[in-house]
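Notes to accompany the following structure.
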Amino acid sequence: MLRLKLQRNNVDGSDFGKYIQKLNSFDNRYIVYYKMNVIGLFILLFVFQPLLEYGVHRVVHIYHIQYHHDHHRIWSATLYKKYNGDAHVRYFIIILFIMRYYIPAIALLKYEVTHTLAHIYPNNYLYRHHFWHHQYSNKNFAFSAVWPDKLFGTFIK
C-alpha cells in the first residue's frame, strides 16, 4: 500500500529512503514523548496526587467541613463497608472528561476508586488504614497510599 502511494506521487527510490528515515525519526520522537507521558502520569498519580489528597483531607478536618463531617458520621462503624462512592465526585469526573481535562479527571478517578475500595474491600491494605482514620479522625489522612501519613507523622496502624 505504501509502495502504491509512492508510485502514484512519482517518488523515485532515493526519495523512498528519505521518506522511511522521516517515518523512523517520527516514531522515535513519538515513543520518547509517550514514555515521558507515562513517567509523568506515574509521578502524578503516585507522588503528587497522594500528597494533594493528604493535604486537602487534612485541611477539611482542620476546618470541619460539614460535607466531610457527615461522611464520617454516616459511614463510620457499622455502615463503613456499605459505602459505595460519592456521586458528586463521579459527576465531576465525567464533567472533567467531557471538558477534556484528562489529567485531573484521571487523578480524581484514582481518588474515587481507591477511597471506595478502602471502604468496601477488606483484603486491601488501605481498608484497615482508612478504617482507622474513621475511628481516629486526626490520623491516616491519605487513603490511596500510606507514605504521606508516615512522612508527616500522622500514621497509625
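Tabulated results
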| item | result |
| --- | --- |
| Residue among TYR91, TYR111 that is part of a helix (DSSP H, G or I), on the phi < 0 side of the Ramachandran plot and loosely packed, with under 15 Cβ neighbours inside 10 Å | TYR91 |
| Filter pass, VAL59 being at pLDDT below 80 and under 23 Å from the mean Cα position of the chain (by Cα) | no |
| Yes/no for ALA118 being within 15 Å of PHE48 (Cα to Cα) and either β-branched (Val, Ile, Thr) or surrounded by 15 or more Cβ atoms within 10 Å (Cβ to Cβ) (or both) | no |
| In segment 130-149, the residues that are in a helix (DSSP H, G or I) and under 19 Å from the mean Cα position of the chain (by Cα) | HIS130, TRP147, PRO148, ASP149 |
| Residue match in segment 116-130 (condition: of a type outside the set (A, V, I, L, M) and at positive phi) | no |
| Every pair of residues 6+ apart whose Cβ atoms lie under 7 Å, when the first sits in segment 108-132 and is of a type in the set (Val, Ile, Thr) while the second is outside any helix (DSSP H, G or I) | THR114/PHE143; THR114/SER144; THR116/TYR83; THR116/ASN84; THR116/GLY85; ILE120/TYR83 |
| Qualifying residue in segment 62-77 (condition: surrounded by fewer than 13 Cβ atoms within 10 Å (Cβ to Cβ), modelled with pLDDT under 65 and more than 24 Å from ASN124 (Cα to Cα)) | no |
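The values are calculated or read from the model by the stated rules, or taken from the named source; none is laboratory data. Bear in mind the structure is a predicted one, so any value in this text is a computation, not a measurement. Glycine also receives a Cβ, built like all others from the backbone with ideal geometry; neighbour counts cover every protein chain displayed.
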